[in-house]
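See structure below.
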Amino acid sequence: MDAETNGKMNGHSSLVVCFGEMLIDFVPTVAGVSLAEAPAFAKVPGGAPANVAVGVSKLGGSSAFIGKVGKDEFGFMLADILKQNNVDNSGMRFDPAARTMLAFITLRDDGEREFLFYRHPSADMLLHESELDRDLLKKARIFHYGSISLIDEPCKSAHLAAMKIAKDAGVFLSYDPNLRKQLWPSDEAARDAIMSIWDQADMIKVSEDEIEFLTKGEDPYDDNVVMKLFHPNLKLLIVTEGSAGCRYYTRGFKGKVAGVKVKPVDTTGAGDAFVGGLLSSLASDLNMFKDEKRLVEALRFANACGAVTVTKRGAIPGLPTRDEVLQILHQNSA
């Protein structure tokens with residue numbers, strides 16, 4: 001049974017289930033300094049898969065999160081934030097022996113982001129296959145995941161098992177590699193792991209930087225280079241270009257959708273807001289990638305989701321409501 005028929009057969013579901021890490025980002029209270037120079041930090045909930053789950057929910061969609069946090073104050077806080085944002089957190093697990101993952105992030109004056117991760121190991125790495133909520137996975141219309149959960153066992157095996165459960169149930173698979181080189185033992189290990197599950201996804205979203213990384217330095221703006229990443233089972237490949245918008249590639253057509261102009265304050269979470277926006281549209285119309293006009297509309301909406309997010313600080317707090325997105329689209333078309 002394929003994903004296209006699944007949505008009709010289990011008609012109750014437009015659920016987007018996101019799998020992976022949820023953590024606390026600590027961001028400096030002043031801009032443009034290195035981590036060492038920062039006088040103080042503010043704590044912000046983060047983690048790409050969790051951001052996407054909240055993004056879908058804030059737009060009025062149905063979402064759930066599967067992952068592991070520490071059985072500690074930060075872990076309980078994160079579970080509560082999901083609940084407050086109407087994300088089903090029943091697939092979350094709490095590890096009594098490991099802490100919730102922490103990341104210190106700063107945007108220096110030169111525009112470079114600095115990351116410092118605390119995960120030796122953190123609870124998100126310790127999710128076991130036996131702890132997966134199988135019913136939740138089978139109920140999904142879309143299963144969304146990244147690559148950070150492939151770095152270490154036992155989480156890697158849990159990730160692969162979750163993909164198999166979802167795929168066997170006819171669920172549509174969405175993949176955003178979300179490369180964080182600092183977390184991998186080597187570039188080669190990152191490349192191999194990211195590509196090891198590449199050909200199972202129905203949709204993949206990558207950035208220009210990730211294309212360059214995965215193709216070992218080839219030109220991310222060259223369609224021929226991008227098409228090397230288009231595997232036979234893939235229905236939709238999206239390349240995001242930050243404020244410039246995105247490109248789309250399907251079996252039948254390809255094109256570009258311009259970005260939505262705003263004054264950026266903080267780019268954290270923009271990519272996750274984009275994915276949340278796109279998945280919220282796809283969840284109600286899984287055949288969208290066959291109709292270029294509908295796909296372009298959905299991508300314009302997703303671009304606007306990213307644009308709203310960069311006008312606010314922090315990922316989850318910055319994720320937009322549907323009204324905010326429609327307002328910014330209206331302003332941009334005026």
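The values are calculated or read from the model by the stated rules, or taken from the named source; none is laboratory data. Just so it is clear, the model here is predicted, and its values are computed rather than measured. Every residue, glycine among them, receives a Cβ derived from its backbone with ideal geometry; neighbour counts consider all protein chains shown. Ligands, DNA and RNA are excluded from the accessible area calculation, which covers all protein heavy atoms including side chains. Shrake-Rupley method; radii C 1.70, N 1.55, O 1.52, S 1.80 Å.
Would you mind checking region 310-334 for residues with the amide N under 18 Å from a putative spin-label position 7 Å along Cα→C-beta of VAL265?
Under cut-off, by backbone N: 310-329.
Give me the accessible area of LEU229, 1.4 Å probe, in Å² rounded to the nearest 10.
Counting only protein heavy atoms, the figure is 10 Å².
By its C-alpha gyration tensor, with a ≥ b ≥ c as the square roots of the eigenvalues, how is region 171-221 shaped: rounded for a/c under 1.5, else prolate for a/b larger than b/c, else oblate?
oblate
So if I take the centroid of the Cα atoms in region 249-266 and the same for region 54-90, what is the distance between those two points in Å?
Result: 28 Å between the Cα centres.
With all protein chains present, how much of the accessible area of the chain (probe radius 1.4 Å) comes from carbon and sulfur, to the nearest whole percent?
Its accessible area is 51 percent carbon and sulfur atoms.
Which entry is the computed Cα extents along the principal axes in Å for this structure: [x] 50, 46, 41; [y] 53, 49, 31; [z] 66, 50, 43?
Checking each listed value against the structure points to [x].
Residues of the chain: accessible area per residue at 1.4 Å, in Å²?
With all protein chains present, the chain gives 42 Å² per residue.
Calculate, for GLU297 and SER196, the FRET efficiency according to 1/(1 + (r/R0)^6) with r their C-beta to C-beta distance and R0 35 Å; round to the nearest 0.05.
Calculated value: 0.55.
Once you order the gyration tensor axes a ≥ b ≥ c over the Cα atoms, which shape class does region 185-301 get: rounded for a/c under 1.5, otherwise prolate or oblate by comparing a/b with b/c?
Note, shape of region 185-301 comes out oblate.
What figure, in Å² to the nearest 10, do you get for the accessible area of ILE165 with a 1.4 Å probe and non-protein molecules left out?
20 Å²
What does the extension gain come out to for ARG113 and VAL30, with contour length at 0.36 nm per residue minus their alpha carbon separation?
28.5 nm
Could you give the size of the charge dipole of the chain about its Cα centre, using +1 on the Cβ of each K and R and -1 on the Cβ of each D and E, expressed in debye and rounded to the nearest 20?
Value, rounded to 20: 880 debye.
Compute the distance in nm between two label points, each set 7 Å from the Cα along the Cα-to-Cβ direction, one at LYS216 and one at GLN84.
In this crude spin-label approximation the distance works out to 4.7 nm.
Which of the peptides 93-99, 276-282 is most tightly packed, and how do the rest follow, going by the mean number of other Cβ atoms within 10 Å of each residue?
In decreasing order of mean packing, 93-99, 276-282 become 276-282, 93-99.
With each run of n ≥ 4 DSSP H residues scored as -39500 (n - 2.57), what mean residue ellipticity at 222 nm is computed for the chain after dividing by its residue count and rounding to the nearest 500 deg cm²/dmol?
Result for the chain, helices only: -10500 deg cm²/dmol.
Could you point to the residue in PRO185, PRO121, SER174 farthest towards the positive end of region 118-260's charge dipole, with +1 and -1 charges on the Cβ of Lys/Arg and Asp/Glu respectively?
SER174
With +1 assigned to the C-beta of every Lys and Arg and -1 to the C-beta of every Asp and Glu, and no other charges, what is the dipole magnitude of region 210-334 about the Cα centre in debye, to the nearest 20?
Result for region 210-334 is approximately 220 debye, rounded to the nearest 20.
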